[in-house]
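One structure below.
The values are calculated or read from the model by the stated rules, or taken from the named source; none is laboratory data. Not measured: the values here are computed from a predicted model. Here the Cβ positions follow ideal geometry from the backbone for every residue, glycine too, while neighbour counts run over all protein chains shown.
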Amino acid sequence: MDFDTLRTCALVILLAPLCAAILAGVFGPKLKGHTHWVTIGGVGTAFAFSVMLFLQVRAGHGAGFPVLIPIYDWLLAGVGKAFRVEFLVDPLTAIMLMTVTGVALLVVIYSRDYMRDHGACERGYERFFAYLALFVFAMCALVLGGNFLLLYLGWEAVGLCSYLLIGFYYDKPAAAAAAKKAFLVNRVGDFGFGLAILLIYLTFGSIEYQVVFDMVRQGLDANGHALAQGTITAIALLLFCGACGKSAQLPLHVWLPDAMEGPSPVSALIHAATMVTAGIYMIARCGAIFTASPTAMMVVAIVGATTAIFAASIALVQTDMKRILAYSTISQLGYMVLGIGVYAADSAVFHLFTHAFFKALLFLGAGSVMHAMGGIIDVRHFGGLRKVLPWTFATFLLGSLALAGVPGLSGFFSKDEIIHHALTAHPVFGAVGLVTALLTAFYTFRMVFLAFAGDEKIPEGVHAHESGGWMLFPLLVLSVGAIGAGYLGVGAKPFHHFLEPVFANTFMAANPVHGGHGAAHPSFWQAYGLMVVSGGLAALGIFAAYLLYVKQPWIAGLAKASWPGAHKAAGHKWYVDEAYDAGLVEPAKKAGRVCVGLDDYLIDGLVWLVTAVPRGLGYLLRTAQGGAVQGYGLTMVIGITVIMLVVLWNSA
Amino acid sequence: MNLLTAIVFLPMLGAVACLVVPKNLVRQVAVLSSAATLGLSLWLFPTFLGGGGSDATAIFGTSYGTLHHVIRLPWIMGDSFSIEFFLGVDGLAFPLVVLTTLVSFLACLASWNFNSWKVNKGIRAYFFLFLLLETGMLGVFVALDFFLFYIFWEVMLLPMYFLIGVWGGERKEYAAIKFFLFTLAGSVLMLVALVAMFFYSGDAIAAAGGSVASGYLEGVMLQHGTFDLIELATCPTIQSYFASGSTLFLGMKFATVMFMFLFIGFAIKLPIFPFHTWLPDAHVQAPTPVSMILAGVLLKMGGYGFLRLCYPIFPTGGEVWAYVLACVGVISIIYGGLCALAQTDFKRLVAYSSVSHMGFVLLGIAVMTKAGFQGAMFQMIAHGISSPMCFFLVGVIYDRAHHREINRFGGLWLTMPRYGTMATIGFFASLGLPGMCGFIGEVWVLLGTFDAGAKYPWAYPLAIIAAASVILTAAYILWLIRRVYLGKEREEYKGYLDVSGRETFILASLAVLCIALGIFPTQTVFNFTNGTLDLMLQQVTNAIAMVSQSAVSGGLIG
C-alpha cells in the first residue's frame, strides 16, 4: 500500500468522470453522435483506476486501513474547525468503487445504441452522456468522501443526477412528475439525514468518520462526558431516515417505481445497481453508530424485512416489466437492509455486489426488449419473444435465475447468507426472508414466461429485431457476473475476508447472537439444510409461475377472480401513493392557500385599517378646503359668531 | 480621493450624466458608470485579501474588525452636536458593497432593452433614478454616522418608489404606494430611535461628568451626544447607560424599546412576517431590473441593519427578544414557503421564496452564535446572487410571453434549451442544493441554532422546524420547474428565441457565482466576513454577560 498511489487513484477516479461530464456538456453539441466516446473514456479511466485502487488495498490487506487522504480545507466551521475535502479508502470503498465504475462503464457502452434510437428529445444524446458522467462523479464522491458533509454532498448530487435522468424525456408529463417525486421524497429522507449530521457535529464536535466512530466506541462526547444512549439512537435513526429515502425503504419507497420513466440504462445503473445502494453503504459505513444502539438495529431489521415482503407482494401483479423489476429492487434492497439489521453487514454488501450484476442485467435486458418492441414494455402486449430475441432471452433468463435464487447462481449465495443470519437472529425474520424468496421466484418467472414463453405475439406495426453488438456485449459481461460473482462468497469466502477489517470492530463484534465473536460457523445441517430449503422454494416459485402462466393460465384468472380486493389493492400498490396525497400533499397545498388568504385579507386588511385613520382624517379636512368661496365665507361667519358669543359671554 | 467616496458617488455622477447626454447614449452611459462602480469596488479586495494592516486610514481594532478606507469630515456642526460625513468599510459591509455594485451592473444590463418595454417613456429619468438608487444603497452600507445612514436610507427610498410606480405593471401605483408606506413606517420608528439615541447618549456623558473618553479613538474626548455608530457600540459609558435597567423610555427599558424600534424598521425591509406583504406586490409590479435590485440588495439592508445597529448597540435588547425573533424567523421560513407553494404567478412565487429565505437570516442572527451570525451573513450574499438570477429568469420569459401564469407555461426547456439549463442552475441554487450557494447559508444557520440550544433550550425545536423547510422549498421549486420548464412543448411558445447573448451573459455570471459560492464558501465569503462577525458577537456576548452579572450582584446587595 502506497499513500501517493492511493491519492492519485482517488483523484483520477473523481476527476475523470467530472472532466468527461464537462467536456460532454460543453462540446456535446459539436460532437453530436460521438459524445459517448467522451463518457466511455472518462468512466473507463475511472474504472481502470478503481481496479488499481482495489489491488492496492488488497496488497496492503489488514494493515493501515482505513487510509484518510486530505485534499484541501473546504470551509471553516462556525465553531472554528475546518471541514476538509478528504477521502477515506478502505476495502468497502474499494468494492463500492469497482462496482459503481464497472457497471457504469457497461451501461455507457450499452447506451451508445440504445439512446440513439430513444433520444426522443432534440439534443438529447449528448445531454444524456453528460448527465451519466456527472452521476458517476457524484457517486464516486459519495463513496470516497471521508466525512459526513462530503457524504451528504455526494448524496444530494446523485439525487440531482437521478432527477435529471428520470426527467430525461421531460416532454413526457409522467417523466416530469416522476422526477419531481423522486427528488421530493428523497428530500424527506435527507431532512432526517441533515439533522443527523448536525446532531453528530454538536455531539462529537467533528464530522470526520474516524473521529466520530472512535468517540462512539469509547462512548464519549466532545466534552468528555459519557454518551447518552438516547443521543446515539437518535443519530442512528435519523441517519436511517436518509437511507430509507435513497434506498427506497418503507415508507419512502414510492419514488422508485415511478423513476422507471427514465431511460432503461438509467434504471439499470442508478435505480438498481448503484445509487439506491447508497443507503446500504451509509449504514455499513456508520456501523459504529448503528451497532451502538440495539434499538436502531432492531428498527433497521424490521423495516428491511417489511419492505422485502411488501414490495414483493406488489411485484406479483404488475404488468410493466420495468416496474416489476423496480419492486423487485425495492424488495432486494429490503433484504440488504435486513441483513445489516441482523449484524450481517458483510453479507448485505455481498448481496449488494451480486445484485448489481444480475439486476443491471435484467434492466438492460428489459431495455433490449423495449428497444425491440418499439418502446412498449407492458407484458400484456407481447409474448413468446424467445425466438425473436435469442440473445436477450438467454441473458435475461440467466439474470432471472440469479434473482430467483436458483442454486449455483450469484443471487442464491448472497441471499441465502442473509436469510441464514436472519434466521439465527429471530425466526420471524427468517420466515419473512424465506417467504419473500418464494414470491421472488414466482414474480420473476411470471415475467419471464409472459414475455418470452408461449406463442409469439408482437405489437402491431413493430419490427422486432435483436439488438446490436453495443447492447449485447454488456449483457454478456453482466451474465458472466450474474453466474460467477456468487462464488467469491463460498468456500474460503474471499469477499468476506476482504471486508473483514471494515466490520470487525462494529457489526461482527457487536453481534449479540454470536456473543460478539463474529459469524459463528454454522453446523453442516444448518448451512446445507437452509440451502436445500431456499433452493426448493425457488424451484417451487418457478414451477408455480410455469403452471399459472404457461400450462394452466385459467388458474391465474381464477386466483384473480377469487380475491379481487387483494388483487386490486396490490395493483394499486396498497394505496400508499393515495395516502401520501391525502395525508401530506393536499394538506400542504391547502395550508399554502390559507397562508395566501391570511396575507391578502388579514394582514393587508389590518394595514388597510391602519391607513384608514389618516385617510379618514384627510377626507374630513379635504371637504373643509373644497375651494368654494361660499364655503369659506360660511365657515368664517360661523367662526366669527362663535368667537363673538364667547367674548360676550365672558365679559357679561 | 477616498475610495469609498468615489464608489458611493460615481453612480450619482453617472445619473447626472444621463440627464445631459444625447438620448440614444443614455443606456451606454448608465451601463458604463455602473460597470465603473463595480470596477472601483473591486479595488477594495486587496485591502481585505492582505489582512488590512497597511491601510493608512484604517481605524478601530485589529484585523477584520478594522474600518478601512475611512473618511471623516465634519458636516453639520453645532454647539451640542456634530454630524459627520463618516464612511468606512469592514468585513460586514465589504461583501455587501461588492454585491451591490455587481447586482446593479447586471440589473443595468438587464435594462438594456428599455425601448421595448411596455412603458418605455422617460429613458433619462429611468436611468437617473436607477443610478441614484445605487448611490443610496452603497451609502447605506458604508455610512457610519447614524444621521448620514438615515439620509442614505431615505435617498434610496424615493427612486425605488418612482421606479416601481412609473415603469411598473398594471397595478404599479398600488404597489409603489404600498412599498413606500411600509418602508416609511419603518423609517419613522428609526427616526425616533435616531433622536432618542442622540439625546440619551448625551445624558450618559453628562451623567459621567460631561467628558468621556471615546470607545475606539485614542485621545478623543466626547463632550456631548453622538451619532457615531461605532461610538454608540463601543463607548463603555454609553453602553452601560443604554443597557441599564433604570434608563427608561416612555416608561419602558430603553434598550428593549430602542432595539424593537430599529428592529421593526429593518424587519420591514428584510422582510419578515408579518411585515412582508409589500414585497410580493412590489416585485410583481416592478420591472425586471428593479426586481433584481430589490431582491438582491434592498432586502439585505434589513439584515445589515440588524448587524450594524441593533445588536452591537443594544445587545441586551437582542437577549430579551431572542426567543420572539427566532420564532418570527421560523414563521417566516415556513409561512413564505407555504405561500410560495400556493402561487400561480411566477414572479409572486419567487417573491415569497425570498420571504422564506430571509427568515433564515433573522433566525441565524437572533440566536446570537458564531455559526448563526456567519450563516445569516452568507445567506444574505447567497440570496443576493440567486434571487436576482431567479427574477431575471422570470423577466426573460415575461419579455417573450407577456404573462406570468405558471400553469400556462410548459415545456420551455425544449423550446429554449439554454434558458432551461440556466433556470435549472438558478432554481436549484435557490433550493439549497449542496455544492451551490443556498446550501451553505442554511446549514450554517441551522448549525448555529442547534449550537444555541446550550443557552436557549427552545432553539432545538426551532432548528428542527426550520430544517423541515428543506422539504417545503424543494416542493415548490420542483413543482415550479415541472410546470414551467418540463412537460410537452406548447404550440404558443414554439419559435421563441432562446436567450440572447446579453441575457446569457447576465445569467451565466450569476450561475457561475452560485456554484463558486457553494464550492468555495470560505474563499469567496467567509474569509472576508468572519473576522468582523466573530468580533461583533464577542462584544455582544460580553456585554450581555456583564449586564446579567451586574444584575445579579445588584440583587445581592439590594
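When residues of region A:371-410 are filtered for being under 17 Å from A:D117 (Cβ atoms) and part of a helix (DSSP H, G or I), how many remain?
3
Which helices (runs of 4 or more DSSP H) does region A:566-649 wholly contain that include 1 or more residues that are in contact (Cβ under 8 Å) with a residue 60 or more places away in the chain?
Working: elements: A:576-580, A:586-597, A:604-624.
It comes to A:576-580.
Go through region B:239-294 and report how many residues are within 14 Å of another protein chain (Cβ to nearest Cβ), in contact with a Pro (Cβ under 9 Å, 6 or more places away or on another chain) and of a type outside the set (V, I, T).
So the count comes out to 2.
Do you know which of the residues in region B:378-415 that are away from chain A (no Cβ under 11 Å), within 14 Å of the chain's Cα centre (by Cα) and over 18 Å from B:S291 (Cβ atoms) is surrounded by the most Cβ atoms within 10 Å (Cβ to Cβ)? Walk me through it before giving the result.
Restricting attention to region B:378-415, the residues satisfying the condition of being away from chain A (no Cβ under 11 Å) are B:379-409.
Next cut, within 14 Å of the chain's Cα centre (by Cα) only: B:379-388.
Next, from what is left, pick out any that are over 18 Å from B:S291 (Cβ atoms): B:379, B:381.
On the way: B:Q379: 30, B:I381: 25.
Applying the filter and picking the extreme gives B:Q379.
So that you can scan it fast, the table gives a plain yes or no per residue for (1) on the phi > 0 side of the Ramachandran plot; (2) of a type outside the set (S, T, N, Q); (3) surrounded by fewer than 23 Cβ atoms within 10 Å (Cβ to Cβ):
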site: B:N113; (1), (2), (3): no, no, yes
site: B:N120; (1), (2), (3): no, no, yes
site: B:R124; (1), (2), (3): no, yes, yes
site: B:F130; (1), (2), (3): no, yes, no
site: B:V140; (1), (2), (3): no, yes, no
site: B:L144; (1), (2), (3): no, yes, no
site: B:L158; (1), (2), (3): no, yes, yes
site: B:F162; (1), (2), (3): no, yes, yes
site: B:V166; (1), (2), (3): no, yes, yes
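When the residues of region A:188-209 are filtered to those that are more than 18 Å from A:R285 (Cα to Cα) and among the β-branched types (V, I, T), which remaining residue is farthest from the other protein chains (Cβ to nearest Cβ)?
It comes out as A:T203.
To keep it simple, each residue is scored yes or no on (1) in contact (Cβ under 8 Å) with a residue 60 or more places away in the chain; (2) hydrophobic (A, V, I, L, M, F, W, C); (3) closer than 15 Å to B:G487 by Cβ.
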residue	(1), (2), (3)
B:I381	yes, yes, no
B:G384	yes, no, no
B:F391	yes, yes, no
B:Y398	yes, no, no
B:I406	yes, yes, yes
B:F409	yes, yes, yes
B:L414	yes, yes, yes
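For region A:555-567, state whether one or more residues are surrounded by fewer than 11 Cβ atoms within 10 Å (Cβ to Cβ) and within 14 Å of chain B (Cβ to nearest Cβ).
Applying the first criterion (surrounded by fewer than 11 Cβ atoms within 10 Å (Cβ to Cβ)) to region A:555-567 yields A:561-562, A:564-565.
Add one more test, that the residue is within 14 Å of chain B (Cβ to nearest Cβ), and what stays is none.
Scanning region A:555-567, I find no residue that is surrounded by fewer than 11 Cβ atoms within 10 Å (Cβ to Cβ) and within 14 Å of chain B (Cβ to nearest Cβ), so the answer is no.
Checking A:Y170 against (1) more than 7 Å from chain B (Cβ to nearest Cβ); (2) buried (at least 24 other Cβ atoms within 10 Å of the Cβ), which single condition isn't satisfied?
Evaluating A:Y170 over (1) more than 7 Å from chain B (Cβ to nearest Cβ); (2) buried (at least 24 other Cβ atoms within 10 Å of the Cβ) leaves (1) as the failure.
Of everything in region B:324-350, what is within 11 Å of another protein chain (Cβ to nearest Cβ), in contact (Cβ under 8 Å) with a residue 60 or more places away in the chain, closer than 24 Å to B:F392 by Cβ and of a type in the set (A, V, I, L, M, F, W, C)? Give them in sequence order.
B:A340, B:L341, B:L349
Suppose the filter is in contact with a Gly (Cβ under 8 Å, 6 or more places away or on another chain) and at pLDDT 85 or above; does A:A394 pass it? Walk me through how you get there before you give the answer.
On the way: in contact with a Gly (Cβ under 8 Å, 6 or more places away or on another chain): no; at pLDDT 85 or above: yes.
Criteria not met by A:A394.
Looking at B:F360 and the list (1) within 10 Å of chain A (Cβ to nearest Cβ); (2) of a type in the set (F, W, Y); (3) under 21 Å from B:F528 (Cβ atoms), which single condition is not satisfied?
Going through (1) within 10 Å of chain A (Cβ to nearest Cβ); (2) of a type in the set (F, W, Y); (3) under 21 Å from B:F528 (Cβ atoms) one by one, B:F360 breaks only (1).
Scan region B:531-547 and tell me whether some residue there is crowded, with 22+ Cβ neighbours inside 10 Å, at pLDDT 85 or above, more than 14 Å from chain A (Cβ to nearest Cβ) and farther than 29 Å from B:F94 by Cβ.
No, the conditions are met nowhere in region B:531-547.
Touching a residue at least 24 places away in the same chain (Cβ under 8 Å) and either crowded, with 24+ Cβ neighbours inside 10 Å or under 18 Å from the mean Cα position of the chain (by Cα) (or both): does that describe A:V388? Full working, then the answer.
On the way: touching a residue at least 24 places away in the same chain (Cβ under 8 Å): yes; either crowded, with 24+ Cβ neighbours inside 10 Å or under 18 Å from the mean Cα position of the chain (by Cα) (or both): no.
In short, no.
Here is a yes/no grid of residues against (1) of a type outside the set (D, E); (2) within 21 Å of B:L363 (Cβ to Cβ); (3) out of contact with any helix residue (DSSP H, G or I) (no Cβ under 7 Å at 6 or more places or on another chain):
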{"residue": "B:A233", "(1), (2), (3)": "yes, no, no"}
{"residue": "B:A243", "(1), (2), (3)": "yes, no, no"}
{"residue": "B:T247", "(1), (2), (3)": "yes, no, no"}
{"residue": "B:V257", "(1), (2), (3)": "yes, no, yes"}
{"residue": "B:L262", "(1), (2), (3)": "yes, yes, no"}
{"residue": "B:Q285", "(1), (2), (3)": "yes, no, no"}
{"residue": "B:S291", "(1), (2), (3)": "yes, no, no"}
{"residue": "B:M301", "(1), (2), (3)": "yes, yes, no"}
{"residue": "B:F306", "(1), (2), (3)": "yes, yes, no"}
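Consider A:F148 carefully, then state whether it is modelled with pLDDT of 85 or more, more than 10 Å from every other protein chain (Cβ to nearest Cβ) and in contact with a Phe, Trp or Tyr (Cβ under 8 Å, 6 or more places away or on another chain).
Working: modelled with pLDDT of 85 or more: yes; more than 10 Å from every other protein chain (Cβ to nearest Cβ): yes; in contact with a Phe, Trp or Tyr (Cβ under 8 Å, 6 or more places away or on another chain): yes.
For A:F148, the condition - modelled with pLDDT of 85 or more, more than 10 Å from every other protein chain (Cβ to nearest Cβ) and in contact with a Phe, Trp or Tyr (Cβ under 8 Å, 6 or more places away or on another chain) - is met.
Tell me which residues, restricted to region B:175-232, are more than 14 Å from chain A (Cβ to nearest Cβ) and of a type in the set (S, T, Y).
The answer is B:S187, B:Y200, B:S201, B:S211, B:S214, B:Y216, B:T226.
Name the residue that is farthest from the other protein chains (Cβ to nearest Cβ), counting only residues in region A:595-627 that are closer than 18 Å to B:F275 by Cβ and of a type in the set (A, V, I, L, M).
Restricting to residues being closer than 18 Å to B:F275 by Cβ and of a type in the set (A, V, I, L, M), the top hit is A:L609.
Out of A:V136, A:V143, A:V185, A:V107, report the one residue that is over 23 Å from A:V26 (Cα atoms), in contact (Cβ under 8 Å) with a residue 60 or more places away in the chain and more than 14 Å from chain B (Cβ to nearest Cβ).
Values: A:V136 fails: over 23 Å from A:V26 (Cα atoms); A:V185 fails: more than 14 Å from chain B (Cβ to nearest Cβ); A:V107 fails: over 23 Å from A:V26 (Cα atoms).
Exactly one residue qualifies, and that residue is A:V143.
Could you grab me the full set of residues in region A:9-42 that are of a type in the set (V, I, T) and surrounded by 16 or more Cβ atoms within 10 Å (Cβ to Cβ)? Don't jump to the end; show me each part of the working.
Looking only at region A:9-42, we keep the residues that are of a type in the set (V, I, T), and these are A:12-13, A:22, A:26, A:35, A:38-40.
Scanning region A:9-42 gives A:V12, A:I13, A:I22, A:T35, A:V38, A:T39, A:I40.
Pull up region B:455-496, narrow it to residues that are among the small types (G, A, S) and within 7 Å of another protein chain (Cβ to nearest Cβ), then point me to the one that is nearest to A:A591 (Cα to Cα). Let's see the steps before the verdict.
Here is the first cut: in region B:455-496, the residues among the small types (G, A, S) are B:459, B:463, B:466-469, B:474-475, B:487, B:495.
The next check asks that each one be within 7 Å of another protein chain (Cβ to nearest Cβ); those that pass are B:467-468, B:474-475, B:487.
Values: B:A467: 18, B:A468: 15, B:A474: 16, B:A475: 13, B:G487: 26 Å.
Once the filter is applied, the top-ranked residue is B:A475.
Could you look through region B:516-527, keep only residues that are more than 9 Å from chain A (Cβ to nearest Cβ) and crowded, with 17+ Cβ neighbours inside 10 Å, and pick out the one that is modelled with the highest pLDDT?
B:L517
Looking only at region A:202-212, which residues are touching a residue at least 40 places away in the same chain (Cβ under 8 Å) and either over 22 Å from A:R84 (Cβ atoms) or not hydrophobic (A, V, I, L, M, F, W, C) (or both)? Give the steps one after another, and end with the answer.
First, pick out the residues of region A:202-212 that are touching a residue at least 40 places away in the same chain (Cβ under 8 Å): A:205-210, A:212.
Correct list: A:G205, A:S206, A:E208, A:Y209, A:Q210.
Give just the number: which of (1) within 13 Å of another protein chain (Cβ to nearest Cβ); (2) within 27 Å of B:F505 (Cα to Cα) does B:F373 not satisfy?
For B:F373, the exception is condition (2).
Does B:F306 satisfy being of a type in the set (F, W, Y), at negative phi and within 11 Å of chain A (Cβ to nearest Cβ)? Write out each step before concluding.
On the way: of a type in the set (F, W, Y): yes; at negative phi: yes; within 11 Å of chain A (Cβ to nearest Cβ): no.
Considered against the rule, which asks whether it is of a type in the set (F, W, Y), at negative phi and within 11 Å of chain A (Cβ to nearest Cβ), B:F306 comes out as no.
Quick one: how many residues across region A:200-250 are within 28 Å of A:I309 (Cβ to Cβ) and aromatic (F, W, Y)?
Residues that pass the stated criteria total 1.
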